[in-house]
Amino acid sequence: GPTADEMRRIQTQFRATFGAPPQVDWEAPELSPDSLRAGLMQQVERLYAGKREGLGAMMRAAQGNAPSPAQLDEVFHDFQRHILLSIHDNLWKDHLLSMDHLREGIGLVGYAQKKPIDEYKREGFAMFQDLMARTGRESVTMFFRAQFSAEPPRPAEHRPGGLDRRAG
């Protein structure tokens, strides 16, 4: 089975990514890397289905009736697409800025007897791979951290003498 340090890392990373602790019997004698992976995947699939159900409950509360499966699928996929595009857009802007910085500093590698264009390509590709990995990680985390509520939002309370008082 996994070491105590590996168990802590798995628990910490799983909770950080999926917003729930992993449900694993760490003492099970049959616990192997494959059975651990399969059990965690089953839990992720349940969490994913729970997100879809939570969105359905929120839509039901907002509309007064249950959405059709097609409506729920469409909204659920739009929600996922919105997260992915939002994360990718922000990270892409950072990537372009990093590429500008790389381009500005790449001339210095010539002093180390390396071809600047080859180093630029190598570093740029590594940065792009990092961008793609970060996009995946951050999108998954945001998706699983999202909370759906069937209760409508409460209106802001009006406080006499509060900040919304207008000067007359």
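Results, tabulated for the structure shown:
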{"quantity": "Estimated 222 nm signal from helices in the chain, with DSSP H stretches of n ≥ 4 weighted -39500 (n - 2.57), rounded to 500", "calculated": "-24000 deg cm²/dmol"}
{"quantity": "For region 75-86, 3J(HN,Hα) per residue [Karplus equation, 6.51 cos²θ - 1.76 cosθ + 1.60, θ = phi - 60°, Hz, x = Gly/Pro]", "calculated": "5, 5, 5, 5, 4, 4, 4, 4, 4, 4, 5, 5"}
{"quantity": "Chain lengthening between residue 122 and residue 48 when straightened (0.36 nm per residue, less Cα-Cα)", "calculated": "23.0 nm"}
{"quantity": "Net length gained if the chain between residue 9 and residue 63 were fully extended (0.36 nm per residue, minus Cα distance)", "calculated": "15.2 nm"}
{"quantity": "Solvent-accessible heavy-atom area per residue, rounded to whole Å², over the chain at 1.4 Å", "calculated": "75 Å²"}
{"quantity": "Set of lysines with alpha-carbon distance to residue 51 below 30 Å, sequence-local pairs under 8 removed", "calculated": "93"}
{"quantity": "Candidates 52, 134, 122: whichever shows maximal mean-square fluctuation once the chain is modelled as a Gaussian network with Cα springs under 10 Å", "calculated": "122"}
{"quantity": "Whole-percent carbon and sulfur share, accessible surface of the chain, 1.4 Å", "calculated": "56 percent"}
{"quantity": "Prolate/oblate/rounded label for region 1-75 (Cα gyration tensor, a/c 1.5)", "calculated": "prolate"}
{"quantity": "Efficiency of FRET between residue 73 and residue 114 - r from beta-carbon atoms, R0 41 angstrom, step 0.05", "calculated": "0.20"}
{"quantity": "Computed E for residue 89/residue 28 - FRET, C-beta separation, R0 45 angstrom, nearest 0.05", "calculated": "0.55"}
{"quantity": "Computed E for residue 100/residue 142 - FRET, C-beta separation, R0 30 angstrom, nearest 0.05", "calculated": "0.70"}
{"quantity": "All aspartates and glutamates inside 18 Å of residue 114 as judged from Cα atoms, apart from same-chain residues fewer than 8 positions distant", "calculated": "104, 123"}
{"quantity": "Neighbour net charge for residue 20 - beta-carbon separation under 11 angstrom, K R +1, D E -1", "calculated": "+3"}
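The values are calculated or read from the model by the stated rules, or taken from the named source; none is laboratory data. Since this is a predicted model, take the numbers as computed values, not measurements. Cβ: placed from backbone, ideal geometry, glycine included. Neighbour counts: every protein chain shown. Keep in mind that these areas ignore ligands, DNA and RNA; they rest on the heavy atoms of the full protein, side chains included. Shrake-Rupley method; radii C 1.70, N 1.55, O 1.52, S 1.80 Å.
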